[in-house]
1. Are there any pairs, at least 6 apart or on different chains, whose C-beta atoms fall under 9 Å, with the first in segment 46-62 and touching a residue at least 40 places away in the same chain (Cβ under 8 Å) and assigned to a loop (DSSP other than H, G, I, E, B) and the second surrounded by fewer than 18 Cβ atoms within 10 Å (Cβ to Cβ) and of a type in the set (Val, Ile, Thr), and if so, which?
2. Filter segment 63-76 for residues that are outside any helix (DSSP H, G or I) and not charged (D, E, K, R); which is surrounded by the fewest Cβ atoms within 10 Å (Cβ to Cβ)?
3. What number of residues within segment 32-45 satisfy the criterion of being assigned to a helix (DSSP H, G or I) and either open to solvent by less than 60 Å² (accessible area, probe 1.4 Å) or in contact (Cβ under 8 Å) with a residue 12 or more places away in the chain (or both)?
Amino acid sequence: MSKVVTNINDVRIGRIVKREREYRCMTQAVFATAIGCDQSTLASYESGKRPIPANRVPAIAAALELDQRYVNPKAA
């Protein structure tokens, strides 16, 4: 049985994304379409089980009207 290791930063960023998405009354399906992924991928981002790739950060930040640093602290 493999053990899933979750990075605490991925969890924190996922919670931010989920909170902001819900604040804007967007479903996962609608938001996933807006950022160019499927709903299950978005669910993995929001739970912290999958890190948000750098190439998706601009789309997420734009869709949520956030500075990219909220989604990726390393973003310029």
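1. GLY48/THR6; GLY48/ILE8; GLY48/VAL11; LYS49/VAL4; LYS49/THR6; LYS49/VAL11; ARG50/THR41
2. Taking the candidates together, the pick is ALA76.
3. 8
The values are calculated or read from the model by the stated rules, or taken from the named source; none is laboratory data. Being a predicted model, the structure only gives us computed values, none of them experimental. A quick note on method: Cβ atoms are made from the backbone with ideal geometry, for glycine too, and the neighbour counts reach across all protein chains shown. Only protein heavy atoms, including side chains, enter the accessible area calculation; ligands, DNA and RNA are left aside. Shrake-Rupley method; radii C 1.70, N 1.55, O 1.52, S 1.80 Å.
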